[in-house]
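Let me begin by presenting the structure, written as structure tokens, before commenting on it.
The values are calculated or read from the model by the stated rules, or taken from the named source; none is laboratory data. On a predicted model such as this, the values are computed, not experimentally measured, just so you know. Cβ placement follows ideal geometry from the backbone for every residue including glycine, while neighbour counts extend to all protein chains displayed. Surface areas here come from the heavy atoms of the whole protein model, side chains and all, with no ligands, DNA or RNA. Shrake-Rupley method; radii C 1.70, N 1.55, O 1.52, S 1.80 Å.
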Amino acid sequence: MQFGIFSVSDITRDPVSGETPSEAERIDAIVQIAEKAEEVGLDVFAIGEHHNPPFFSSAPTTLLSHIAARTRKLIVSTATTLITTNDPVRIAEEYAMLQHLSKGRMDLMLGRGNTAPVYPWFGADIRQSLPLALENYNLLHRLWREDVVDWEGKFRTPLQGFTSTPRPLDDVPPFVWHGSIRTPEIAEQAAYYGDGFFANNIFWPKEHYMRLIKFYRQRYAHYGHGTEKQAIVGLGGQAYIAKRSQDALDEFRPYFNEAPVYGHGPRMEDFMEQTPLSVGSPQEVIDKTLTFREHFGDYQRQMFLVDHAGLPLKMVLNQLDLLGEEVVPVLRKEMESRQDPETAKPPTHAGRIRDKYGDKPARQPKPNANRGDNVTGGSPYQDAE
């Protein structure tokens, strides 16, 4: 099972010190956080995509390429890549390049986003967000699997003899998670293509996510990708850890109370009871996280949000020490001992190469001999057999 952290890239005032970090300070901090995640033994670091203040992550592939270059084993991913307001051709190009630069240590999570004003900024209509998401991914899926694509849809200009470059590393497309907090059509989409389904699992009661995940598992099996137990599921989570439970509650409370999303709302204790939020000692966080398996079945990836709501870098790095040293090792052991043997392994580039090629060497796409004008002429690529 994979464990990691994700960030929404917010730049939020620290309610204790009263200071707000600059963009430069926050960007530098997120790189340190990702490096620390690898240092303490976590598997994955993910960053969101936003194009509005107070968020800084408008170019996730640029950031993730930098982090991949500074780490050795860490899988870099997105906590949302906007499939609605990004052109699928550009997504295909940028993430294939990230795949090459990271030597396969990457994947991505697609989502529609929840910031309405972003749509017109990129020439899209939020009223068409769902059909736009479905159509764009249909094209993206083909761009990574066909060397030459002819395509026509509703929301963008047609493509004729188009080749997205670079081709995916080893001719194996990046693994895709489809993230959703409420939409069964997205779970259906993930199941149809045999991709992963990521349930945010942050704000809403477990019963809501249980319905979405159960539906995804049923449809995954319906489309013939495997049994319900073999479906690929990822979960979010939110934690604040201290050696002593009371210290965790006291330290996190001012950040919870002023958090942009849920601040000035329910009491922290009520929110902890009603949602997956874990605030407490390492053992309390372990105990609550283990209940996720009871509710959702075996799953492949567990991500924690630890750097939001104005938490200063020093506190976040301390969280990672506790997560990596005292929480995740126990969770790994407990999850492994309880896991059904039919459960699929977490997605990795190496595993996907084995699934596609077995013991044979991987295909390395390369263009045919240059035939002259590659702009107006035919593609120098040809589909693999």
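Of everything in the stretch 1-53 that's of a type in the set (D, E, K, R) and open to solvent by less than 30 Å² (accessible area, probe 1.4 Å), which residue is nearest to the chain's Cα centre (by Cα)?
Here is the first cut: in the stretch 1-53, the residues of a type in the set (D, E, K, R) are 10, 13-14, 19, 23, 25-26, 28, 35-36, 38-39, 43, 49.
When the remaining residues are screened for being open to solvent by less than 30 Å² (accessible area, probe 1.4 Å), the result is 10, 14, 26, 49.
Numbers: Asp10: 16, Asp14: 26, Arg26: 20, Glu49: 10 Å.
This residue is Glu49.
Regarding Leu235, is this residue open to solvent by less than 60 Å² (accessible area, probe 1.4 Å) and within 22 Å of Arg142 (Cβ to Cβ)? Please lay out each step first, then the result.
Working: open to solvent by less than 60 Å² (accessible area, probe 1.4 Å): yes; within 22 Å of Arg142 (Cβ to Cβ): no.
Answer is no for this residue.
Would you call Asn52 closer than 29 Å to Arg145 by Cα and in a loop (DSSP other than H, G, I, E, B)?
Here the answer is no, as Asn52 does not meet what is asked.
Residues of the stretch 53-69 being at pLDDT 95 or above and in contact with an Asp or Glu (Cβ under 6 Å, 6 or more places away or on another chain), which ones?
Matches in the stretch 53-69: Pro60, Thr61.
Since His264 meets every condition but one in (1) within 27 Å of Lys345 (Cβ to Cβ); (2) in a loop (DSSP other than H, G, I, E, B), which condition does it not meet?
Exception for His264: condition (1).
Could you list, in sequence order, all residues of the stretch 81-101 that are hydroxyl-bearing (Ser, Thr, Tyr), closer than 21 Å to Val172 by Cα and outside any helix (DSSP H, G or I)? I'd like the intermediate steps shown before the answer.
Of the stretch 81-101, the ones hydroxyl-bearing (Ser, Thr, Tyr) are 81, 84-85, 95.
Adding the requirement that they be closer than 21 Å to Val172 by Cα leaves 81, 95.
Residue satisfying the conditions is Thr81 alone.
Tally the residues that are of a type in the set (Phe, Trp, Tyr), farther than 18 Å from Leu249 by Cβ and part of a helix (DSSP H, G or I), restricting the search to the stretch 271-302. Quick ask: steps written out before the conclusion?
First pass over the stretch 271-302, keeping only residues of a type in the set (Phe, Trp, Tyr): 271, 292, 296, 299.
Now drop any that are not farther than 18 Å from Leu249 by Cβ, which leaves 292, 296, 299.
Narrowing the set further to residues that are part of a helix (DSSP H, G or I) leaves 292, 296.
The number of residues fulfilling the criteria is 2.
Conditions tested, residue by residue: (1) open to solvent by less than 30 Å² (accessible area, probe 1.4 Å); (2) free of Cβ contacts under 8 Å to residues at least 60 places away in the same chain.
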position	(1), (2)
Ser164	yes, no
Arg167	yes, no
Pro174	yes, no
His178	yes, no
Pro184	no, yes
Ala187	yes, yes
Trp204	no, no
Glu207	no, yes
Ile213	yes, no
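Would you pick out the residues in the stretch 76-97 that are β-branched (Val, Ile, Thr) and over 15 Å from Gly111 (Cα atoms)? Please lay out each step first, then the result.
Here is the first cut: in the stretch 76-97, the residues β-branched (Val, Ile, Thr) are 76, 78, 80-81, 83-85, 89, 91.
Passing the criteria: Val76, Val89.
Checking the structure you have, find out if any residue of the stretch 2-10 is out of contact with any helix residue (DSSP H, G or I) (no Cβ under 6 Å at 6 or more places or on another chain), in contact (Cβ under 8 Å) with a residue 24 or more places away in the chain, β-branched (Val, Ile, Thr) and not in a loop (DSSP other than H, G, I, E, B).
Within the stretch 2-10, none of the residues are out of contact with any helix residue (DSSP H, G or I) (no Cβ under 6 Å at 6 or more places or on another chain), in contact (Cβ under 8 Å) with a residue 24 or more places away in the chain, β-branched (Val, Ile, Thr) and not in a loop (DSSP other than H, G, I, E, B).
Would you pick out the residues in the stretch 134-152 that are open to solvent by less than 70 Å² (accessible area, probe 1.4 Å) and not in a helix (DSSP H, G or I)? Spell out how you get there, then give the answer.
So in the stretch 134-152, the residues open to solvent by less than 70 Å² (accessible area, probe 1.4 Å) come out as 134-144, 146-149, 151.
The answer is Trp144, Glu146, Asp147, Val148, Val149, Trp151.
Does the stretch 238-267 hold any residues that are without any contact (Cβ under 8 Å) to a residue 40 or more places away in the chain and basic (Lys, Arg), and which are they?
Of everything in the stretch 238-267, those that are without any contact (Cβ under 8 Å) to a residue 40 or more places away in the chain and basic (Lys, Arg) turn out to be Arg244, Arg253, Arg267.
Spot the failing condition for Thr275; the list is (1) open to solvent by 20 Å² or more (accessible area, probe 1.4 Å); (2) over 20 Å from Leu42 (Cβ atoms), and only one is missed.
(1)
Would you check which residues across the stretch 238-264 are surrounded by 15 or more Cβ atoms within 10 Å (Cβ to Cβ) and polar (S, T, N, Q) and list them?
Scanning the stretch 238-264 gives Gln238, Ser245, Asn257.
Would you be able to tell me the number of residues in the stretch 101-133 that are surrounded by 16 or more Cβ atoms within 10 Å (Cβ to Cβ) and not β-branched (Val, Ile, Thr)? Give the steps one after another, and end with the answer.
At the first step, the residues of the stretch 101-133 found to be surrounded by 16 or more Cβ atoms within 10 Å (Cβ to Cβ) are 101-102, 104-113, 118-119, 124, 126, 129, 132-133.
Then drop every residue that is not not β-branched (Val, Ile, Thr), which leaves 101-102, 104-113, 119, 124, 129, 132-133.
Going through the stretch 101-133 one residue at a time, the tally reaches 17.
Somewhere in the stretch 71-78, is a residue basic (Lys, Arg), under 24 Å from Gln319 (Cα atoms) and either open to solvent by less than 40 Å² (accessible area, probe 1.4 Å) or part of a loop (DSSP other than H, G, I, E, B) (or both)?
First pass over the stretch 71-78, keeping only residues basic (Lys, Arg): 72-73.
Then keep just the ones that are under 24 Å from Gln319 (Cα atoms); that gives 72-73.
The next check asks that each one be either open to solvent by less than 40 Å² (accessible area, probe 1.4 Å) or part of a loop (DSSP other than H, G, I, E, B) (or both); those that pass are 72-73.
Scanning the stretch 71-78 turns up at least one residue that is basic (Lys, Arg), under 24 Å from Gln319 (Cα atoms) and either open to solvent by less than 40 Å² (accessible area, probe 1.4 Å) or part of a loop (DSSP other than H, G, I, E, B) (or both).
How many residues does the stretch 278-297 contain that are open to solvent by 10 Å² or more (accessible area, probe 1.4 Å) and out of contact with any strand residue (DSSP E or B) (no Cβ under 8 Å at 6 or more places or on another chain)?
7
If only one of Tyr216, Tyr220, Tyr240 is in contact with a strand residue (DSSP E or B) (Cβ under 9 Å, 6 or more places away or on another chain), assigned to a helix (DSSP H, G or I), under 24 Å from Leu305 (Cα atoms) and not acidic (Asp, Glu), which one is it? Before the answer, list the steps.
On the way: Tyr220 fails: under 24 Å from Leu305 (Cα atoms); Tyr240 fails: assigned to a helix (DSSP H, G or I).
On inspection, the qualifying residue turns out to be Tyr216.
For residues that are at pLDDT 95 or above, within 16 Å of Glu49 (Cβ to Cβ) and among the β-branched types (Val, Ile, Thr), tally how many sit in the stretch 70-119.
3
Residue check, Thr85 against (1) touching a Ser or Thr at 6+ places or on another chain (Cβ under 7 Å); (2) within 19 Å of Ser164 (Cα to Cα), all met but one. Which one?
For Thr85, the failing item is (1).
Just to confirm my filter: which strands (runs of 3 or more DSSP E) fall fully inside the stretch 153-211 and include at least 2 residues that are within 25 Å of Lys103 (Cα to Cα) and touching an Asp or Glu at 6+ places or on another chain (Cβ under 8 Å)?
On the way: elements: 159-162, 175-180, 196-199.
Correct list: 175-180.
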